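Trainee: Below is one structure. I have some questions about it.
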Amino acid sequence: MQIQSNFSLKKYNTFGIEASAKQFAAVHSIDELRTVLAENKNEKKFILGGGSNMLLTKDIDALVIHIDLKGKEIIKEDDDFVWVKSQAGEVWHDFVLWTIDNNFGGLENMSLIPGNVGTTPVQNIGAYGAEIKDTFVSCDAMNIETQETKTFTNAECNFGYRESIFKHEVKDQFIITSVIYKLTKRNHKINTSYGDILAELAKNNISQPTLKDVSNAVIAIRQSKLPDPKELGNSGSFFKNPILLKSDFEKIHQKFPEMKFYEVSPTEVKVPAGWLIEQAGFKGKRFGDAGVHKNQALVLVNYGNATGQEILAVSKQVQKTVFETFGIHIEAEVNVI
Ligand SMILES: Cc1cc2nc3c(=O)[nH]c(=O)nc-3n(C[C@H](O)[C@H](O)[C@H](O)COP(=O)(O)OP(=O)(O)OC[C@H]3O[C@@H](n4cnc5c(N)ncnc54)[C@H](O)[C@@H]3O)c2cc1C
């Protein structure tokens, strides 16, 4: 394993931001990871997966450790379920396609989400009615200080909407090295609760969808709605959909009866942040090389040479205007570094 200095991270973040790492090491085995941590005890560390959920606003004055642990295996099965373990550096979408090729169900609605397997628990990734917490059994993680390994069960991860223990109580303390998912082998729970999926299946005359059909539908929808980071730098949804107490929401709703919302619990509703941003007039707006995507207002984009600071400034302007217009604070989903 080689440690490189002043290493450009442009190709390692999907926003395509030019920023450099003071030092950079890609690790390919648990032993390499343990060694690099033990031998660089006094260096600050920064953990990098696929770089699809971060906005780099400055150079990283730390040892950047890129987790490139590969491999996947079936560790247990019975007639109905299979327990699959994947190393953290596997590309998530390739892993999802592998599960579908093996007729293992549970991940198909999360096809084409960028990033690596090891990062999926960090923000409890989700899309089209599914979240990682629904199939996640446990993950192994290495303590950055002591290099000891700890297993976190589903309950211990405190999963919430784009939330987990790894963003709060144990933030920056552990590196996830592998994840185990429990998937169905038969009686798959095909989830087509999202209208977009049903419409896409209907377009192809599919009434009894297989796992592959759902995955293909999700891929087609995502390709039509979201910019491909290879063509236009972005990090997916920049903001979370705000969750409001019903009592607070009702007051706002009286002023803005056209406001869209979804009930998430008997006392809370979720408001689509994309709708708020669009109503605030930002959809398709461009400020130099930074901007808000023309089809999807939740997505901030780098048209070429935007700096992280310029994209951050757009995000702050969006937050401010949405708050001034609706009295609702929208929080960043992307990790601002
Ligand atoms: C076009 C596009 C669409 C997207 N759509 C979705 C979506 O539908 N749903 C969704 O949930 N997300 C979505 N995302 C966001 C992103 O894909 C996910 O958050 C993904 O899980 C990030 O993985 P990564 O490996 O790229 O993480 P990175 O960006 O590398 O890291 C994210 C954070 O996790 C930390 N981290 C990375 N690896 C580890 C590890 N092994 N152990 C501990 N900490 C670690 C990093 O330090 C950082 O703080 C989208 C992004 C893009 C670009």
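The values are calculated or read from the model by the stated rules, or taken from the named source; none is laboratory data. The shown structure was predicted, so the numbers you read here are calculated from the model rather than taken from an experiment. Side chains are part of the model used for accessible areas, which takes the heavy atoms of the whole protein and leaves out ligands, DNA and RNA. Shrake-Rupley method; radii C 1.70, N 1.55, O 1.52, S 1.80 Å.
Trainee: Of all accessible surface on the chain at a 1.4 Å probe, what whole percent is carbon and sulfur?
Mentor: The value for the chain is 48 percent carbon and sulfur by accessible area.
Trainee: So how long is each side of segment 106-147 along the principal axes, counting just the alpha-carbon atoms, biggest first, in Å?
Mentor: 38, 20, 13
Trainee: Right, something else. Which whole-number percent gives the relative contact order of segment 46-197, counting Cα pairs below 8 Å spaced six or more residues apart?
Mentor: RCO, segment 46-197: 26 percent.
Trainee: Ile65: accessible area at probe 1.4 Å, nearest 10 Å²?
Mentor: Roll a 1.4 Å probe over it and Ile65 shows about 0 Å².
Trainee: For a quick check: with amide H placed at 1.01 Å from N, whose amide H comes under 5 Å from Leu55's, ignoring anything fewer than 5 positions away on the same chain?
Mentor: Asn335, Val336, Ile337
Trainee: Restricting things to Cα coordinates, could you compute the convex hull volume per residue of segment 72-225 in Å³?
Mentor: Cα-based convex hull of segment 72-225, divided per residue, equals 108 Å³.
Trainee: Residues of the chain: accessible area per residue at 1.4 Å, in Å²?
Mentor: 48 Å²
Trainee: Just need the Rg to Rh number for segment 1-155, please, alpha carbons only, Kirkwood Rh.
Mentor: Rounded to two decimals, Rg over Rh is 0.99.
Trainee: Now, a different point. At a 1.4 Å probe radius, which order do Lys255, Lys212 fall into by accessible area, largest first?
Mentor: Lys255, Lys212
Trainee: Another question, if that's okay. With helices defined as uninterrupted DSSP H runs, which ones in the chain have an alpha carbon span along their own long axis of at least 15 Å and mean Kyte-Doolittle hydropathy of at least -1.0?
Mentor: 211-225, 308-326
Trainee: Express the C-alpha Rg of segment 233-336 as a ratio against the empirical globular expectation 2.2 N^0.38 Å, rounded to two decimals.
Mentor: With N residues counted in segment 233-336, Rg over 2.2 N^0.38 Å equals 1.09.
Trainee: Moving to a separate point now. Which log10 I(q)/I(0) values does the chain give at q = 0.08, 0.10, 0.16 Å⁻¹ under the Debye formula, counting every alpha carbon as one identical point scatterer?
Mentor: The computed values of log10 I(q)/I(0) come out as -0.40, -0.64, -1.50.
Trainee: Another question, if that's okay. Explain nothing, just the number: relative contact order of the chain, from Cα pairs under 8 Å at least 6 residues apart, as a whole percent.
Mentor: 17 percent
Trainee: When we measure straight from the Cα of Lys189, which aspartates and glutamates land under 15 angstrom away, once same-chain ones fewer than 8 places off are left out?
Mentor: Those aspartates and glutamates meeting the cut-off are Asp80, Glu108, Glu131, Asp134, Asp213.
Trainee: Not counting ligands, DNA or RNA, and with a 1.4 Å probe, what is His329's accessible surface area in Å² rounded to the nearest 10?
Mentor: Here the residue's solvent-accessible area equals roughly 110 Å².
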